[in-house]
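Since the structure comes first, as structure tokens, the remarks are kept for the end.
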Amino acid sequence: MNTMIRNYLMFCHLVLPAAFVTAAYLFRLHPTLLTSQVVVLLSVGALPFILPLLSYYVKGIGKDGVMMNNVFDGSVSAPPEPTVDEIREEKAKGKSFNDFSKPARKVLRTLWKFQHEQFKDDFRQRWAFGIHPLALDYPQFHSAIIELRFEGLILNDLRGMVFLSNSGVDFCKTNKDAIETAGDIWDRFGPA
């Protein structure tokens, strides 16, 4: 379809509703004008705008009824889908440490503190911890891990232990000053 036809179709889409709204308004003001002759004249006058639209939308009329053109057909190249890690990194980049809830900050502080105590700057190994589901502070811990896992900052294993993901390590490095300030952490652990 060339540009001239496309522009004419857009023009038809604008003219038809405007013409019929105007006619309805005039017939409302002057009901005596509404005669069969005027309706026929309006219909014949609108044919140059109606027929191109019909040919654009209707494929054919047959014994099965009206077959419509699929005007939305055509190949459009979709942008490449971002990976899950890229989405999580973008979310994490936009947030600062203080944007997280108090329990989430507590989990991050705990993971970062003991990661450094156990492994120094070796991030090939990760320190993990968990809270027993019957513990009083488990609801707080559970809400925090859901929030942090959604952001892609932590992962958990089958035992329910959580540890920093690669994105979580990068986030903690970026927000190191805020994380290492005084704050609440979990520090009494039993054997896993």
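Taken as Cα centroids, segment 38-65 and segment 143-180 sit 62 Å apart, rounded to the nearest whole angstrom. Screening the chain for DSSP H helices whose Cα atoms reach 15 Å or more along their own axis and whose mean Kyte hydropathy is at least 0.5 gives 3-29, 36-57.
Where only DSSP H runs of four or more residues are counted, the chain gives -18000 deg cm²/dmol as its mean residue ellipticity at 222 nm, each run worth -39500 (n - 2.57).
Among Asn156, Asn166, Asn69, the largest mean-square fluctuation in a Gaussian network model of the chain, built with springs joining Cα atoms closer than 10 Å, belongs to Asn69. Rounded to the nearest angstrom and listed largest first, the equivalent-ellipsoid semi-axes of the chain from its Cα gyration tensor are 69, 21, 17. Sorting 46-55, 139-148 by average packing, meaning the other beta carbons within 10 Å per residue, from highest down gives 139-148, 46-55.
Note on the chain: with a GNM built from Cα contacts shorter than 10 Å, the maximum mean-square fluctuation among Arg109, Arg149, Arg124 falls on Arg124. Close Lys pairs in the chain (alpha-carbon distance under 22 Å; sequence gap of 8 or more, or different chains): 23.
Of Tyr25, Tyr138, Tyr57, the residue with the greatest mean-square motion in the GNM of the chain, using alpha carbon springs below 10 Å, is Tyr25.
A short reminder: the numbers here are calculations on the coordinates, not readings from a lab. What you are looking at is a predicted structure, and each value in this text was computed from that prediction instead of being measured. Neighbour counts are summed over all protein chains in view; Cβ atoms, including those assigned to glycine, are modelled from backbone coordinates with ideal geometry.
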